[in-house]
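Reviewing the structure listed below.
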Protein chains: 2
Amino acid sequence: MLLLRRCRSLTRLQRHQAAPCFASRAVRLCSSSTEDQRSHQRANWSANWKRIVAGVLTGTGAVVTYGLLHQEVEQADAGLPTTERSSSLPVFSHDEVTKHRSLEDGVWVTYKGGVYDVTEFVPIHPGGNKILLAAGGALEPFWALYAVHDQEYVLEILSQYKVGELSAEDLKKQGEAKASDPYSSDPERHPVLRINSKKPFNAEPPPEILTESYITPHVLFFKRNHLPVPQVDPASYRLQVEGLPRGALTLSLKDLKTRFPKHTVTATMQCAGNRRSDMNQVKEVKGLNWGISAIGNAKWSGARLRDVLLAAGFGPDVAKWARHVHFEGLDKDVTGSAYGTSIPINKAMNEDGDVLLAYEMNGEDIPADHGFPVRVVVPGVVGARNVKWLGRIVVSAEESSSHWQQYDYKGFSPGTDWSKVDHASSPAIQELPVQSAITVPADGAQIDRSDETLTVKGYAWSGGGREVVRVDVSLDGGKTWQVAQLRSGDKGQPDEPSPPPGRSWAWKLWELTAPLPPDADELEIICKAVDNSYNVQPDTIPPIWNLRGLLNNAWHRVKVKVTED
Amino acid sequence: MLLLRRCRSLTRLQRHQAAPCFASRAVRLCSSSTEDQRSHQRANWSANWKRIVAGVLTGTGAVVTYGLLHQEVEQADAGLPTTERSSSLPVFSHDEVTKHRSLEDGVWVTYKGGVYDVTEFVPIHPGGNKILLAAGGALEPFWALYAVHDQEYVLEILSQYKVGELSAEDLKKQGEAKASDPYSSDPERHPVLRINSKKPFNAEPPPEILTESYITPHVLFFKRNHLPVPQVDPASYRLQVEGLPRGALTLSLKDLKTRFPKHTVTATMQCAGNRRSDMNQVKEVKGLNWGISAIGNAKWSGARLRDVLLAAGFGPDVAKWARHVHFEGLDKDVTGSAYGTSIPINKAMNEDGDVLLAYEMNGEDIPADHGFPVRVVVPGVVGARNVKWLGRIVVSAEESSSHWQQYDYKGFSPGTDWSKVDHASSPAIQELPVQSAITVPADGAQIDRSDETLTVKGYAWSGGGREVVRVDVSLDGGKTWQVAQLRSGDKGQPDEPSPPPGRSWAWKLWELTAPLPPDADELEIICKAVDNSYNVQPDTIPPIWNLRGLLNNAWHRVKVKVTED
C-alpha cells in the first residue's frame, strides 16, 4: 500500500520535469526486489513512526521522539545507496510548489531552497496534521514556532523526502520575507530557572531554592507552556461559557471579579512529568527532562467555577447529562486550535472541589507565564488540567477530544511500549498520587563529618485533597526510617490552619535533623510520604516506568559523600 | 511512686491477716537496695506495659500483647527468689474480697481459689479499666468473654499479684455458679472459613473461593467481630440519632425502611488488618493473623445516612460546627460500653458519599454476623468504621473518643515501636490505599510444565471511590510485567455499569493467562494495582511495616514450582 502510494507520488513527480535519473529511481522503487525490501523497510519504519507519534505532544516529547525517529532513519538508511540522494534534482517554481497542498495533490514544502514531498510523512508527523498548514509553502515560519525542529536529525528525516530545488528567483523572494519569531513577545524570566525548553518555554527552579518558601514566588514557580504566551488585553478579554441550555455566557474580567465572590485557595500544582529525568535514567522516555521542581505552591484567588456555571444555567436538568467541563486556552497553535482539556463534572460542581477561575496568584494579577488574565486552578489535579489564558469553558457529556486529553497525560504499564500502546485503555490523569522529594542536600553533595548532624529538607504532596500525614526519611538506603517534621507555613511562622478532610490542596514542607551515621563514607538518603488515605510511594522506578515518563512518584533518593575535612 | 503505692498496698495487706513471711517481704520491698532494684525493674516493666497496652484492642491484638508482657515478666522474674511465691498465704473470705473494688481500697479478684491484689495492674491492663468490673469478685466470667486470657503466661502474670487464698467454703459456692459463655448464642458459621479467633469470632474464606464470585456470598464474607454477636429483636430495635438541635430522633427498623428511599450500593469492605500475616513474617506485629481474604464485595441496601441526618435536623447551622458522625454498635462489652467509631461529616453528608444505614446484604436481611438488623456501610472506608448492629448515631464537633478511633486503626512509620508510639500523631484510618492480591495459584502450588500456559487470578480495589484502572502481573519476580484483564461482574457475565468518578466502591476481579516461562523451575508471581489517581502499591513490606500490622498493601507475591509431571 505504502509502496503503491510512493509509486503514485513518483508518477505525479514524473509529470513535473522529473530528471531522468529521478525517474529511473522511481522505476526502481516500483519494480526491483531490492527496492521492495527497502520499501518494506520504509513501510515498517513508517508503521513504527505512526505508533511512535501517537502519544507525542508538539513541543514537548518531540525532542525525544525525533531522536527515536532518527534511529529508525539510520536503520532504514542502511539499505539506501548514498549516491541516490546526491543526484541532481529538478527545479520547481514557487507557484508549482503551491499546487501541492493536500493529500490528493501531494503535500510539498520548501526549506532553505529545497523542495520536499512530505505526503507520506503527514500521517506520522509528531505534531499531527498541523504539518498541512505548511503545505505548498515554506517550513521556516512553522519551525520557528516549534523549535523542536531545530535538530540535525530532523533535517536528515526531511532529506528523505527531497524531490527538487526551489528556483533561484523564488528562493531570493522567500529570503526577503523574514520569518517572525512567535516567541518574541514571551515575558522575561528569572535567570535562576533551569530551562528544559526555550520555545515553548519550560523551566523549573533549583530544588534548594524551591523549598525555601512555603508559598512559591511566581518568578520561581515552574513554567510549563505548550505554545507562545498569548498577549491578552484585560480590557477586551472575554470568557465564553458554553454548553448550557441558556446559551453562551460571556464574561469580562470585570464581570468575573465583581459578579462572583472572590475565593482564595492555597494549592500545589505539579506537572505530570515532574521527576521524569530519574525515569529517563531507567530507560529512555519521551518528554521534557524535568528534575524534581516541576511543582509549586501558590495562593490562587478568583471566582469559583461552580458559581460561574450556576450563573450560566447549570441546574438539576443539566446534571442529568453533563459529565465533563472542557477548558480551552487562548494559546492557539498555528492551526488556530487552542490548548484544551477537561475535568469531570463532579470535581467542577462539588462544593468542596474548590475549582477556581483564578485572576490572582499570590495576591497579584496572574503573571503572563501563569495564565494572565485568567487560569483555571483545579486543586489536587495534574497541572495539565489547570488551563492558562482561559478563553472558553464548555459543559459536555463527553470528555475533551483534545490531544492532551486523549493521547497524552495518561499512564501505562512498564511493559507497554509504543508498538503496543492503546490510549483508549488508560484514563486521563486527573488526581495525582502521593509524592515527595529531597531538595537539600543535593545529589552528590559533600557532607563534613565534623558536622555531626545532617539536615534533610524537602516537599511532600498528594493529589485529590489528600493530606500528607507523614514523611519517612532514611539515611541508610532504606534500612531504617525516621519521621520528619512537617510544616504548612514558613519556618518559624505558624502553620496555615488545617483544611477540612478532602480539601488539603497544599504541600507540606518537611525537615529532619539527625546524627550523621558514624563510619559511613557515603549515605543514600531516601524520603517517602504517606497521605491520609495511607497511600504510599513505591520503592523503585522500574516497575512504574512508562513510555511518556509520567507519574514518577517512587521514593526519592540522593547520595552524598561524607568527607573528613 | 510505684514503690510507694506498693508499700501502701502491702501496708493495707498487713491489716488483713498478713502471714509473717509476707509481711517481711513487704518490709524488704520497701527498704532493701536489692528490692529497690527489683522495684525499679518492675517500675520499668510497668512503664513499658503502659505503652504496650495503649494501642491494644480487647480481644484482638491481645494475644500478641500478652506475649510481650510475658517476656517482660520473665525478665522481671529473673531477680525474684522463687521461694517467695511458694510461701503459704493468708485465707480470705468472699466478703473480705468484695471490700476491694476500687483503686482506693485496692482491687482484688479471685481466680480458681486464689486471691489477687491487682491494684497495680489496673493502669496497665491491655483491656483498660474494664478490669475494674471484676473487682471484688471472680475473674472466670470475664475471661470467658475475652478468651485471649486463656494463655499460660496470663496466669503467670496474675500469679505475681497473689496475696492469699479464698476460703474453702466460698470457693465451693463459687464453683456452683457456672460461668456462662457470652458467645453461646453466636450464629453458626460456614465450615470452610479459616478461623483467626473463635471468641470473638474472626474468620476469612479461602482465597481461591473468594474470587469465584464478584459478589461475595454472606457466608463467605469475612467476619470481624470485636465482641459476642448481640441478639437484636427487629420489632423492638430502635436507632437513636443524636447531637442535632431538634433533639434525638428515634427510628424503628420499619421507619428506616419506609420513611427513606432505599438505596443500593455495591461496595467492597476490607479489614485494615488484611494481609497482616505477611507483615508478621517481616517482624512480629500485634493483631489477628489475617491472610489475604479479610475483604469482600457485597450489594448493600438501606437508607442513606445523609437522608436520615437531614430528617433529624441537619442543616446549614449544623454544618457550621459539625465535623464528625459517631456510630455505636449494640455489641456492648462487660463495662456496658459499645463498639464505637466515627467518620468525617463530609463523607456522611456528601451526596456522592453513598453512606448507608444498610438493612440488606445481597438482597436479604443483613445476617447476624454482619450487623443484623442495621449496619453502617461507609463505601471506600476501612471496615472498622462500618459499624455493625448499629444502635446510635451522634453528630459531633469532635472525633469519637473511643479506643478504636483514638488508639487503634492508625498507621505508623516502620521505625515506630511501642516504646515511642504517639497515637495522637497519626490520623485514624478512613479511606484505604490501593490493594490487590493473587488468589490463584496459591503460594507453594505446583504447576505442570505441560500446561504451557498459566492462569493467575485475584482481586484489586482502592479506597475513597478510586477505581482500579490496571493490574500488572509479573511471572518473573518483577522483571517484566503483563496487564491483566479486569472485570466488574461474574465471568462470562456483563460488567456492572461504570460508576461516576469518585464513586467506584467495588473491587475488580482480574485474570491473566500467559505462556509458562520456559526453563523456569520456580516462578515468583507478583501483582500490583493502579487506581485512577494513579496511586500504586509499594514494592515491599518492610518499609510499610507498622507495629499493629495494618495497611499491608505491598505487592502480593506467591511462589509456585513448575514440575515436569
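Throughout, read-outs are computed from the coordinates displayed, never taken from laboratory work. Everything quoted here is computed from the prediction, not taken from an experiment. Cβ sites come from the backbone with ideal geometry, for glycine too, and all protein chains shown count toward neighbours.
Here are the numbers for the structure shown:
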| quantity | calculated |
| --- | --- |
| Long-range amide H partners of A:PHE412 with built H, under 5 Å | A:LEU547 |
| For the range B:162-216 and the range B:531-565, distance of Cα centres in Å | 31 Å |
| Summed residue charge, Cβ within 14 Å of B:SER474's Cβ, Lys/Arg positive, Asp/Glu negative | 0 |
| Other copies of B:ARG194: label-to-label distances in nm, shortest first, labels 7 Å along the beta-carbon direction | 4.8 |
| Using θ = phi - 60° and Karplus 6.51 cos²θ - 1.76 cosθ + 1.60, couplings along the range A:521-532 (whole Hz; Gly, Pro as x) | 8, 9, 10, 9, 9, 10, 10, 8, 10, 10, 9, 6 |
| Under 14 Å from the Cα of B:LYS262 - aspartates and glutamates, other chains or at least 8 residues apart | B:ASP307, B:ASP354, B:GLU360, B:GLU364, B:ASP365 |
| Estimated FRET transfer efficiency (A:GLN231, A:ALA319; beta-carbon r; R0 41 Å; 0.05) | 0.65 |
| Using a Förster distance of 41 Å, the FRET efficiency for B:ALA514-B:ASP352 (Cβ separation, nearest 0.05) | 0.65 |
| Inter-copy spacing of A:GLY363 label points, which lie 7 Å from Cα along Cα→Cβ, given in nm from shortest upward | 6.3 |
| Sequence-distant residues sharing a close amide H with A:GLY489 (under 5 Å, placed H) | A:GLU496, A:LEU509 |
| The range A:475-527 versus the range B:284-310: alpha-carbon centroid distance in Å | 33 Å |
| Shielding of A:459-465 by partner chains, average beta-carbon count, 10 Å | 2 |
| Contour excess over end-to-end distance, with Cα ends at B:ARG189 and B:LYS262 and 0.36 nm allotted per residue | 23.4 nm |
| Peptide A:420-432 - average C-beta neighbours from other chains (10 Å radius) | 3 |
| Per-residue average of Cβ from other chains inside 10 Å of A:538-544 | 6 |
| Teacher prompt: A:THR98 distances to equivalent labels in other copies, 7 Å Cα→Cβ, nm | 11.5 |
| Isotropically averaged projected area of the range A:435-563, using the convex hull of Cα atoms (one quarter of hull area), nm² | 8.8 nm² |
| Peptide ranges B:396-405, B:214-223 listed from the most packed, as the mean C-beta count within 10 angstrom indicates | B:214-223, B:396-405 |
| Positive minus negative residues near A:PRO367 (Lys, Arg vs Asp, Glu; Cβ under 13 Å) | -2 |
| Projected label distance in nm at A:ASP422 and A:SER213, using a 7 Å step from Cα toward the beta-carbon | 4.8 nm |
| Label-reachable residues, the range B:272-293, where backbone N falls under 18 Å from a point 7 Å from B:GLU524's Cα toward its Cβ | B:278-283 |
| Filter on A:LYS198/A:LYS388; B:LYS420/B:LYS528; A:LYS112/A:LYS332; B:LYS320/B:LYS347 - keep pairs with C-alpha separation over 22 Å | B:LYS420/B:LYS528; A:LYS112/A:LYS332 |
| Highest-first arrangement of A:341-349, B:155-163, where packing means the average Cβ count within 10 Å | A:341-349, B:155-163 |
| Highest to lowest packing among A:474-485, A:548-559, scored as the average C-beta count within 10 Å | A:548-559, A:474-485 |
